[in-house]
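The values are calculated or read from the model by the stated rules, or taken from the named source; none is laboratory data. All figures in this text were calculated on a predicted structure; none of them were measured in a lab. Here the Cβ is made from the backbone with ideal geometry for all residues, glycine too, and neighbour counts use every protein chain on show.
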Amino acid sequence: MSVTVRSPGVRSIYGSARSAKALGSFSRPRANMAVQSNVISVAPILTKLKEDCATPLPVLRHLAAAMASDMRAGLAVDGGSDLPMILSYVDALPTGNEEGLFYALDLGGTNFRVLRVQLGGKEERVITTEFEQVSIPPELMFGTSEELFDFIASVLAKFAEKEGGEFNLPDCQTREIGFTFSFPVKQTSVDSGILIKWTKGFAVSGTAGKDVVACLNEAMQRQGLNLRVSALVNDTVGTLAGARYWDDDVMVAVILGTGTNACYLERKDAIPKLQSHNSTSGGMIINTEWGAFSNDLPLTEFDREMDADSINPGEQIFEKTISGMYLGEIVRRVLLKMARASELFGDSISEKLLTPFMLRTPDICAMQQDTSEDLEVVGTILLDVVGVSSNASGRQIVVEVCDTIAKRGGRLAGAGIVGILEKMEEDSEGLIFGKRTVVAMDGGLYEHYPQYRAHLQEAVQELLGPQTSTNIVIEHTKDGSGIGAALLAATNSKYGHNF
Ligand code: ADP
Ligand code: MG
């Protein structure tokens, strides 16, 4: 495998004892007639699932090309395709020369992180980083905008009091902060963005339609805190900036966690919708919001039902097929259908198996790691998590269902990455495939699910071929987005820093 990974234990499932054993369960006659009849009655469901989820090379090629052409259409005009292709206004990337003391705030869910970094330039690089993670009191998720931002600013003020070390700035000097904000915003410059709507369970009043940078700056002012936002960034953009600081070959960043997204460095002259920006030379990071991709994906009845029952039907179809929030739920829906059609789990259906999102992606991942003869771990998880008892042959089927969904997800994610790379290569021959190119990868799904990771890497290699794939490196970067935001505050500094 030419794709290199800096995370532990990639284990390919190809040719493993597990796959052979699982397949064998269909061909080998079994003594137990009840088991036999269960296997027979669920076999057509499994066969159909595998057909519907199939991602042979021609399908992947088609999807990579569709991703590339959707990217072009989204760059031409807002609303031109499923892909929003959002302008980040980040057109200067960290070089390694950045020096000084910078802050970052990462707000994207029920926890937020504040971070302080001392940068020492090319030689010393990152001298120290300090961070704190704080959970947002639930009542503030339903309060007013002022209450939420005042709370965040008060945490920042306490954190800033502990400042020290080599770059201890005089009190009168304004500190700068990079603000990672993972909710939908309409960005108008690198340091302003209008909140379109809160998501992820937030229902804060009075922020929608406002500039979130102004909200934070005003709250910091109310706290008497001499700190100002210099860069507002999406977490994917922060990941790219953070990885680029260490490696000039980073061109793309992908997040595969609860949700998914990707961004990349585009040439400004290849962004027709960027008419009014001062210069059309150089590059700008484009936030693809690729979770919205939907063209010609191999979908099943389970995906369609899950989408119809979701809070955003018809939206984020790629995300619903490849990201951590959904893989376990798709498997649950398959198992429920199997339980209804057979006595795979006995003759009654548990309440838990009927409950949406009861089976989570870490559970299906854990089931796939079970190497015991009778798949005891699978049995325990099925009992504990979805309340069903199972025998060895039933568990083998469950593992096959998990792998079918993880395989489709990983391979589709791989095709998406290749789509981005091919789009960039088509515009500038040799830029991507003619030299080493790094895709920075963050997110718990990629980090913790070895089979998913292996399927993704294999799809990338199949699509690119052995020669080209030696130039493409997928590098796992953990939590790079926080430091990336601080670096972008430095790169976009307004207070006298000049790198
Ligand atoms: P987020 O995307 O919420 O910012 P992370 O990048 O840490 O957070 O990813 C968390 C997601 O990663 C979880 O929602 C889950 O879907 C997935 N995940 C976490 N642990 C595992 C695991 N052991 N196996 C498979 N997926 C996992
Ligand atoms: Mg994250």
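Listed values, structure above:
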quantity: Looking only at segment 351-362, and only at residues there that are buried (at least 20 other Cβ atoms within 10 Å of the Cβ) and either under 18 Å from K320 (Cβ atoms) or among the basic types (K, R) (or both), the one that is farthest from ligand 2 (Cβ to nearest atom); calculated: L359
quantity: Top-ranked residue in segment 286-301 [being more than 16 Å from ligand 2 (Cβ to nearest atom) and crowded, with 22+ Cβ neighbours inside 10 Å; ranked as nearest to L63 (Cα to Cα)]; calculated: F293
quantity: Residue in segment 439-449 that is farther than 22 Å from E319 by Cα and either among the polar types (S, T, N, Q) or in the same structural domain as G259 (by the TED database) (or both) present; calculated: no
quantity: Residue among G480, G465, G484 that alone is within 16 Å of ligand 2 (Cβ to nearest atom) and either surrounded by fewer than 24 Cβ atoms within 10 Å (Cβ to Cβ) or modelled with pLDDT under 95 (or both); calculated: G480
quantity: Test result for S372, touching a helix residue (DSSP H, G or I) at 6+ places or on another chain (Cβ under 7 Å) and part of a loop (DSSP other than H, G, I, E, B); calculated: no
quantity: Number of the condition not met by S88 [criteria: (1) within 30 Å of S342 (Cα to Cα); (2) touching a Cys at 6+ places or on another chain (Cβ under 9 Å)]; calculated: (1)
quantity: Some residue of segment 401-415 being modelled with pLDDT of 95 or more, over 27 Å from the mean Cα position of the chain (by Cα), away from ligand 2 (no atom under 16 Å from the Cβ) and closer than 26 Å to S41 by Cα; calculated: no
quantity: Number of positions in segment 451-483 that are part of a helix (DSSP H, G or I) and on the phi > 0 side of the Ramachandran plot; calculated: 1
quantity: Positions within segment 109-135 being assigned to a loop (DSSP other than H, G, I, E, B) and either more than 23 Å from I285 (Cβ to Cβ) or touching an Asp or Glu at 6+ places or on another chain (Cβ under 6 Å) (or both), in sequence order; calculated: T110
quantity: So K158, is it at pLDDT 95 or above and under 18 Å from N234 (Cα atoms); calculated: no
quantity: Given (1) within 22 Å of M358 (Cβ to Cβ); (2) part of a helix (DSSP H, G or I), number of the condition S389 does not satisfy; calculated: (2)
quantity: Yes/no for G291 being within 16 Å of ligand 1 (Cβ to nearest atom), over 25 Å from A65 (Cα atoms) and modelled with pLDDT of 95 or more; calculated: no
quantity: Candidates A366, A308, A341, filtered to the one that is closer than 22 Å to A54 by Cβ, away from ligand 2 (no atom under 16 Å from the Cβ) and assigned by the TED database to the domain that holds E400; calculated: A341
quantity: Condition broken by Q187, with the remaining ones in (1) under 22 Å from N261 (Cβ atoms); (2) modelled with pLDDT of 95 or more; (3) out of contact with any Cys (no Cβ under 8 Å at 6 or more places or on another chain) satisfied; calculated: (2)
quantity: Any hit, segment 241-260, residues being surrounded by fewer than 17 Cβ atoms within 10 Å (Cβ to Cβ) and more than 21 Å from the chain's Cα centre (by Cα); calculated: yes
quantity: The listed residue being within 16 Å of ligand 2 (Cβ to nearest atom) and either crowded, with 19+ Cβ neighbours inside 10 Å or within 30 Å of H455 (Cβ to Cβ) (or both), out of G109, G100; calculated: G109
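Yes/no per residue for (1) of a type outside the set (G, A, S); (2) within 16 Å of ligand 1 (Cβ to nearest atom); (3) not assigned by the TED database to the domain that holds D191:
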residue: G224; (1), (2), (3): no, no, no
residue: V229; (1), (2), (3): yes, no, no
residue: G238; (1), (2), (3): no, yes, yes
residue: G242; (1), (2), (3): no, yes, yes
residue: M251; (1), (2), (3): yes, no, yes
residue: V254; (1), (2), (3): yes, yes, yes
residue: N261; (1), (2), (3): yes, yes, yes
